[in-house]
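Engineer: Quick one: the structure is below, questions incoming.
The values are calculated or read from the model by the stated rules, or taken from the named source; none is laboratory data. Keep in mind the model is a prediction, meaning the values are calculated, not measured. Heads up, the Cβs are rebuilt from the backbone with ideal geometry, glycines too, and the neighbour counts pull from every protein chain shown. Each accessible area value is taken on the protein alone, full model and side chains, heavy atoms only, with ligands, DNA and RNA left out. Shrake-Rupley method; radii C 1.70, N 1.55, O 1.52, S 1.80 Å.
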Amino acid sequence: MKRNFNIHDLRIFYTVVMTGSTRQAAQAMHLTQPAVSHAISRLEAATGVLLFDRSHKTLRPTEAGQYLYSEAKFVLDELVRIDEALHSIEQFGGRSLRIATSPALALDYASDAVRRYVQANGTRPFSIDLESSVQLISAVETMRADVGLGAVSQDSARLSFRPFLRTEVMAIAHRDHPLASGSTVAVADIAPDTYVQPLWSDYVMPQGDIADTLQLRSGMQAHMTLLAGTVRAVRGISLVNALSASDIVSAYPDLVALPLTSRQWFDFLLITRKESANQDVAERLLEALHAGAQARRQGVYADTIQLLD
């Protein structure tokens, strides 16, 4: 059975389920309540199924309604993506480059790479969004992003995962911290009451010798974007990848970066769709990513940041 329904009715249905009533949906969409009710009736007629159980005082989606609601989000998000792409083509002569990056690369590195890309290839519309390494895989696969920069790979017939960077884990410490005066830091020597534990937004642990890191516990935790400020506030110490360490210490002179005595690292990957027409763009972005990493391979970071081909 072919089911024909229009997108406007689908959007109204989605809003009704999301808000919980036709009255609230009408207010949210600046429509009259009868217009919302008629749209639901048209959608039920077009699909051939009841979407709401009307035997209660409040509207409750039926099983079919719950299924349609879950699928409608993807359809409506895809329409937004198409509209944005068409607008970019109309205004700028080409689609925007949409990049999803892990928090571990978001302090300065990712935006610096985009700046280098634009300088080398000319102005082009772009956007950078923040996702965990797991979520950005989905973003690239569902075409919400053209390129992903993360630390997780998976078997996929549709996606390409290209390692481009290996970064050692380093300690960042306030200059007043007892371990800040050394040349290296042993994780076992970090006092828990001075340690600010990163909230690993990627849900990814480093590779290598991480036994002591797994045992390290603290009552102080901070998201990557707030980690530097928290370490400064408590004159503490934390563990981050070398790229983040470089960006943090450049921004905050009262913090120092120190290599660990144990070797731990993250591998970061460039994630693209295999059938994407933007493979040449991905290659040029990879050059910019390598250039940005190479610029940071100075001093204490020379041996803790490695470019991967």
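Engineer: Look at Ala257 and say whether it is surrounded by 19 or more Cβ atoms within 10 Å (Cβ to Cβ), outside any helix (DSSP H, G or I), of a type in the set (A, V, I, L, M) and out of contact with any Asp or Glu (no Cβ under 7 Å at 6 or more places or on another chain). Step through it out loud before you land on a result.
Structural biologist: On the way: surrounded by 19 or more Cβ atoms within 10 Å (Cβ to Cβ): yes; outside any helix (DSSP H, G or I): yes; of a type in the set (A, V, I, L, M): yes; out of contact with any Asp or Glu (no Cβ under 7 Å at 6 or more places or on another chain): yes.
It is true that Ala257 is surrounded by 19 or more Cβ atoms within 10 Å (Cβ to Cβ), outside any helix (DSSP H, G or I), of a type in the set (A, V, I, L, M) and out of contact with any Asp or Glu (no Cβ under 7 Å at 6 or more places or on another chain).
Engineer: Any idea how many residues of the stretch 48-69 are within 15 Å of Asp9 (Cα to Cα), open to solvent by 50 Å² or more (accessible area, probe 1.4 Å) and assigned to a helix (DSSP H, G or I)? Break it down stepwise before answering.
Structural biologist: Within the stretch 48-69, the subset within 15 Å of Asp9 (Cα to Cα) is 48-52, 65, 68-69.
Next cut, open to solvent by 50 Å² or more (accessible area, probe 1.4 Å) only: 48-50, 69.
Right, trim to assigned to a helix (DSSP H, G or I) and you get 69.
Total meeting the criteria: 1.
Engineer: Can you tell me how many residues within the stretch 142-162 are assigned to a strand (DSSP E or B) and either in contact with a Phe, Trp or Tyr (Cβ under 7 Å, 6 or more places away or on another chain) or open to solvent by less than 30 Å² (accessible area, probe 1.4 Å) (or both)? So that I can check it myself, show each step before the final result.
Structural biologist: So the first thing to find is which residues in the stretch 142-162 are assigned to a strand (DSSP E or B), and the list is 147-150, 159-162.
This time we only want the ones that are either in contact with a Phe, Trp or Tyr (Cβ under 7 Å, 6 or more places away or on another chain) or open to solvent by less than 30 Å² (accessible area, probe 1.4 Å) (or both), so: 147-150, 159.
So the answer is 5.
Engineer: If you don't mind, there's one more thing I want to ask. Does Thr22 meet the test of being farther than 17 Å from Ser70 by Cα and either surrounded by fewer than 13 Cβ atoms within 10 Å (Cβ to Cβ) or basic (Lys, Arg) (or both)? Walk me through how you get there before you give the answer.
Structural biologist: Values: farther than 17 Å from Ser70 by Cα: yes; either surrounded by fewer than 13 Cβ atoms within 10 Å (Cβ to Cβ) or basic (Lys, Arg) (or both): no.
Answer is no for this residue.
Engineer: If you go through the stretch 87-96 one residue at a time, do you hit one that is crowded, with 19+ Cβ neighbours inside 10 Å and either modelled with pLDDT of 90 or more or under 30 Å from Leu226 (Cα atoms) (or both)?
Structural biologist: No: the stretch 87-96 contains no residue that is crowded, with 19+ Cβ neighbours inside 10 Å and either modelled with pLDDT of 90 or more or under 30 Å from Leu226 (Cα atoms) (or both).
Engineer: Does Leu105 satisfy being at pLDDT below 85 and surrounded by 17 or more Cβ atoms within 10 Å (Cβ to Cβ)? Break it down stepwise before answering.
Structural biologist: Working: at pLDDT below 85: no; surrounded by 17 or more Cβ atoms within 10 Å (Cβ to Cβ): yes.
Judged against the criteria, Leu105 is not a match.
Engineer: Can you tell me which of (1) in a helix (DSSP H, G or I); (2) open to solvent by 50 Å² or more (accessible area, probe 1.4 Å) is the one Thr213 doesn't meet?
Structural biologist: (2)
Engineer: A further question follows. If we keep just the residues of the stretch 288-304 that are outside any helix (DSSP H, G or I) and under 17 Å from Phe266 (Cβ atoms), which is least open to solvent (accessible area, probe 1.4 Å)?
Structural biologist: Looking at the filtered set, the residue picked out is Thr304.
Engineer: Quick check on this structure: which one of Ala222, Ala242 is buried (at least 19 other Cβ atoms within 10 Å of the Cβ) and under 18 Å from Phe268 (Cα atoms)?
Structural biologist: Working: Ala222 fails: under 18 Å from Phe268 (Cα atoms).
Just one listed residue meets the conditions, Ala242.
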